[in-house]
Structures are given as C-alpha cells and as structure tokens.
Amino acid sequence: MKKNIIFLGKNGQIANAFFLLTEKLGNKNNDFNCQFYSSFDVDLSNPVTTDLFLDSLPKNIDLIVNCMAYTNVDKAEEEQDLCNKINNISVGVIAKYCFSNNIKFVHFSTDYVFDGTGSEPFSEDNTANLHPLNFYGKTKLLGEQAIQKSGCDYIIIRLSWVYDTRQTSKNFVNTIKRLAQEKEVLNIVCDQIGSPTSADFVAKNSMRIFEKIFEEDKSLKEIIHLNNGYFISLFDFSLKIFEFLKRSMEVINLKKIIPIKTTELKNLETDFAILKNSFLNKTNNSKLKDFNLEFSNNLQNRYATIFAHYDKDQIIDDYVIFYLENLRKISDYIIFVSDCNLPESETNKIRNICHKIVAKNHGEYDFGSYKIGIELFLNEKLNCNSLILANDSCLGPVKPFENIFQLMEFSDADFWGLITNQDGYLPHLQSYFLIFKERVISSKEFAEFFKNVKKQVCKEDIIKKYEVGLTQYLLKHNFKMDSFIKKIFETNPTENKKILLYSHLMNFPIIKIRFLKKISHHLILKSHYKYYNIFSEYKLLKLINNYFLRNNIKLYNFKIFKIIKNNNNIRFYLLNIRILTIKKQN
C-alpha cells in the first residue's frame with residue numbers, strides 16, 4: 001500500500017525539488033502518494049491557522065515533511081517575532097499534531113544551529129557546539145527542540161548552503177550570477193567553510209530516508225546531517241561559480257573576486273560549519289557524487305530566446321515589456337526581432353532586457369523574424385543549449401514560466417510547445433511558443449528549414465508551410481516532439497473558452513490576445529486552499545486594459561475583485577473576472 005506524504009513549502013527550493021522528482025517518477029514510484037502545499041495554503045507565521053490547516057488534512061497521512069522556513073539570516077535580526085513563529089512555534093504545532101495522530105515527521109534544519117568553532121566536522125550527536133551565533137540559528141535550534149519535546153516520531157535533516165537552478169531562487173549561486181553581471185569586483189569571505197548542496201541532491205537522498213523510515217517501521221527519533229561530502233570556503237565556491245559563468249554566460253562584467261575575512265564584514269567569529277555526514281556512509285549506495293559534476297549538471301540548462309514583434313503603430317507595448325521581463329527570468333540571452341522600423345525611443349525601452357535588437361520591416365511575419373533571430377543565434381555561437389521562439393501575440397505570463405520548464409526538463413523530446421492542435425491540418429505545435437533542445441538547434445535540418453522561409457501571400461500559406469510544416473518537418477527527420485498540454489485539440493484552442501479554461505487549470509502560462517478580442521466570457525472560480533487566479537498580477541490586468549484602449553476596443557464590465565472571508569480563520573477566495581468586448585471602433 002502506498003504511503004501518504006504531505007509536503008509543506010511547495011514553492012521553496014527543497015519542496016520544489018521533491019515535486020519535480022515525483023513528477024519525473026510518475027507511476028514508477030509505487031511507494032508514495034505525495035501532496036504538496038505552499039505558504040498560501042498554510043501560513044506558518046500564524047500558529048493558530050497552522051493548527052486549523054492541519055485539522056483540515058485527510059486522516060490517512062503517514063508522513064509530514066516540512067520544507068518551510070524563514071531563511072533570511074540578516075533580516076531575521078529585525079523580524080525576530082516572524083522568524084520565531086515560522087521556524088519554532090509553528091514547527092512545534094506540527095510536531096504535536098504528528099504525535100497526536102501517529103504521523104511521522106521529517107523536518108529540515110541547518111548548520112546554523114552550531115557555533116562554527118573548532119576544526120572537525122560536527123557530528124549529529126554533537127551538543128557542545130549547539131550555540132547559534134545569530135537569531136535565525138537560534139530559532140532553528142528551538143524548532144528542533146520543540147520537535148524533540150513533542151514525543152512524535154521524527155527525523156531532523158540538517159543541511160548547509162542549499163542551492164537550485166531556478167533564477168527566482170534566493171541562494172548563493174544565484175547571487176553570484178546576478179552580481180557577476182552588475183559588478184567588476186566582488187569581496188567574498190574566505191574563512192566560512194561549508195558544503196554546497198543542491199536541492200536535487202537533497203530530494204533524491206531524502207527519498208531514500210523516507211524508504212528507510214517505512215521499511216524499518218519503528219519508533220524514530222533521529223538527526224541526520226545530509227551533504228555530498230565536499231567542503232569548501234565561500235570564496236572558493238564563488239570561484240567555481242565564476243569559472244562556470246565565464247564559460248557559459250555572454251553578459252558578464254565580473255573581472256575579479258577578492259578573498260576577505262568575515263570580521264571585515266561583520267563582527268562574527270570565523271564560521272566552520274561542516275556537517276559530518278553519517279547517513280550516506282551507512283547506506284548501501286555510499287559513493288558520493290563528484291561535486292564538480294553535480295554542480296555542472298545542476299547549472300547546465302541554458303536558454304536563448306528569439307522574440308518576434310510587430311506593431312502597426314511602431315511601438316513596443318507595455319505588455320510586451322512585461323512578457324520580455326518574465327522571459328528574461330528563464331533566458332540567458334534574448335534576441336528581439338521586430339517586423340517594423342521602430343524608433344530609438346522604443347528600442348531603448350528594452351535595451352536592459354534584450355541582448356540583440358533588430359527593428360526593420362521585412363514583411364515575412366513572425367517566421368521571418370524567427371529566421372533573422374536564428375541566423376544571429378547560430379552565427380554568434382551563443383553558449384546556450386536550448387532555444388525558445390516566442391511572439392507578441394500573447395499576454396502573460398499568468399503563471400510562472402519556471403514551473404513549466406522544470407516539468408518539461410524531464411521530457412525526452414527534442415522539441416516541445418505549449419499546446420498541440422490540428423484544426424483541419426496535421427497535428428502541430430502552436431508556433432507562438434516553441435522550445436528546441438540542442439539536438440535540434442545543432443542540426444543542419446533546423447538551419448535549413450528557417451533559411452528557406454519566404455514571404456507568403458496569405459495567412460493560410462504561413463500556417464501550412466511554416467507552423468504545421470515545421471512540426472512535420474522535424475518529425476520526418478526523426479526528432480521527438482512533446483507538448484505541455486498532452487491532449488491534441490481538434491479545433492483552435494485559442495478560440496475555445498472551455499479549452500482555455502482547461503489549459504489554465506493545467507498551469508498554462510499565457511493567453512492569446514485574439515481570444516480576448518473574439519470571445520466574451522465570464523469566469524467564476526472558487527477554491528478552498530487552492531488559490532487560482534487566471535491573471536496572476538493586477539499589473540497584467542492593467543496592461544491588458546491599456547492594450548485594448550490603444551486599439552480602440554471598448555471594454556465594459558471589466559473588473560477583477562477578490563473577496564477574502566474569514567470563517568473560523570479558514571481562508572476562502574472568490575475570483576470573479578468579467579470581460580466583455582464590442583466591435584472595434586472606427
């Protein structure tokens with residue numbers, strides 16, 4: 001029988017790695033039935049609502065895994081009450097709930113519970129050095145003690161220097177990547193020692209811990225130090241990141257990293273926070289993955305984007321800028337190609353987002369823009385192994401691109417898109433958002449197809465020759481295709497309200513402008529502990545409204561509102577969006 005596991009902290013580095021791992025395993029994982037909850041579902045800053053949330057959970061839970069934490073070490077000194085509630089008090093609430101309901105509890109902690117003194121790695125049974133140097137560390141230690149006092153079966157897993165590859169994640173790797181683009185010189189401390197640990201490594205090895213929990217089926221009260229056995233200073237770690245960036249990033253200003261002492265930054269003792277890893281050495285698979293290989297593998301996916309643009313008024317609309325800003329979060333390089341002669345005042349709007357801008361009328365529509373961008377991409381030999389093609393026919397994103405890309409990383413396809421339809425043609429990917437992996441973009445067939453793109457007389461020919469033609473051409477040459485939405489639609493999904501709603505419930509990230517122009521619709525979406533908002537940001541709503549006003553399309557009854565009702569401290573959300581359009585005004 002499958003064991004039921006609840007994960008708290010869905011959007012954080014560790015829980016996200018668990019989520020991606022379970023998605024990858026799919027039906028192959030016959031041991032666990034996993035449910036994920038984010039900070040929007042359960043608010044650990046409020047112990048009362050945390051308790052109410054736990055009471056609302058199903059009664060057949062076998063294990064709760066808490067990946068939530070307040071992790072801003074410096075800000076914790078200012079927000080002590082908030083930090084303590086999340087890292088200590090609510091952790092104690094969860095532990096007591098687990099004890100009362102005979103549920104096992106796994107909680108992630110940190111090397112910050114130690115004082116950082118000494119010269120030997122800290123073992124799990126070390127209590128002499130449990131003297132945290134900052135408030136964050138104190139709350140994490142108090143949380144551990146609350147678990148131990150609760151009487152529940154528990155495993156506390158201590159980690160250090162966790163990182164993942166999402167550009168939105170706050171970790172040391174991403175900080176260095178950002179600063180490498182902003183600064184020429186960095187000062188990094190050389191006397192803080194730790195073990196950089198990828199979230200993916202944590203998830204995979206924690207799954208082994210979960211298996212151990214249920215295999216032995218005995219009372220558990222254990223602390224585990226989990227790392228890959230590789231120890232390094234922050235300075236040396238920053239050098240490794242720097243070397244990787246020099247090989248892989250086109251935009252990098254960093255010239256030098258200077259080692260400094262911790263005392264030159266703040267009045268703290270030298271930090272020697274090495275966790276002795278006994279768990280992996282006890283298991284059958286005790287061989288630790290080479291750190292350099294693990295680090296490179298975790299940072300190897302690099303995307304370039306070619307964005308096709310056209311505007312009859314020769315401007316770059318605000319919704320386009322919003323779209324590009326979000327593409328930049330997943331792309332290391334953006335080539336913007338417009339099929340109109342944009343003035344410098346317009347191209348200046350996106351110079352800090354795009355690396356190359358081509359703004360000249362060519363009359364070959366989006367595929368002509370793609371052709372120009374691909375030629376630039378191939379000629380410049382950009383160090384990117386995946387390519388995104390996108391255009392300005394969509395509004396968004398209304399859901400984060402990062403989530404979709406991480407899920408699709410597990411696909412073995414050579415190219416993929418968001419949705420597939422046939423609409424009177426052979427099945428094909430919609431060309432407003434396409435992704436090609438290295439096997440495709442390095443092939444002569446890919447370059448040859450776009451080299452032969454020519455101006456077409458009518459839209460029908462563009463669809464047949466290029467949109468449908470591209471998918472069929474690549475399939476003919478034995479490239480594998482995939483789609484984020486697996487269903488193949490018989491009609492154009494951009495013109496069907498039911499399909500649109502289905503797609504967005506499947507985390508579809510963008511909305512076709514043509515859909516909003518053609519179809520009046522009224523959506524009322526209700527959820528309990530699942531907040532769903534078809535327009536994720538009010539800013540995007542305003543951009544949509546501005547676009548329609550500029551194109552003389554009158555909107556009436558255009559409104560969005562949230563009603564938050566407090567019923568026994570359980571949050572309930574109602575979203576009502578009504579968009580009605582009338583014909584374009586002359």
What pairs from 75/255; 360/381; 381/476 go past 28 Å between their alpha carbons?
75/255
Honestly the range 405-475 on the Cα gyration tensor test (a ≥ b ≥ c root eigenvalues; a/c under 1.5 rounded, otherwise a/b vs b/c for prolate or oblate) is just oblate
Extending each Cα 7 Å along its Cβ direction at residue 214 and residue 187, get the distance between those two points in nm, one decimal.
5.2
Taking N as the residue count of the range 109-193, its alpha carbon Rg divided by 2.2 N^0.38 Å gives 1.36
Cα gyration tensor, the range 303-491 - rounded (a/c under 1.5), prolate or oblate
rounded
Between residue 179 and residue 452, what FRET efficiency comes out of the Förster formula 1/(1 + (r/R0)^6) with R0 = 41 Å and r the beta carbon distance, rounded to 0.05?
0.40
Among 466, 473, which comes first, then next, by fewest other beta-carbon atoms within 10 Å?
473, 466
With labels modelled as points extended 7 Å from the Cα through the Cβ direction, what inter-label distance (nm, one decimal) is found for residue 79 paired with residue 55?
2.8
A correct fewest-to-most ranking of 355, 309, 477 by other Cβ atoms within 10 Å would be 477, 355, 309
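Since every read-out is calculated from the coordinates, none of them should be taken as a lab result. This is a predicted model, so every value here is computed, not measured. All Cβ positions, glycine included, derive from the backbone under ideal geometry; neighbour counts span all protein chains shown.
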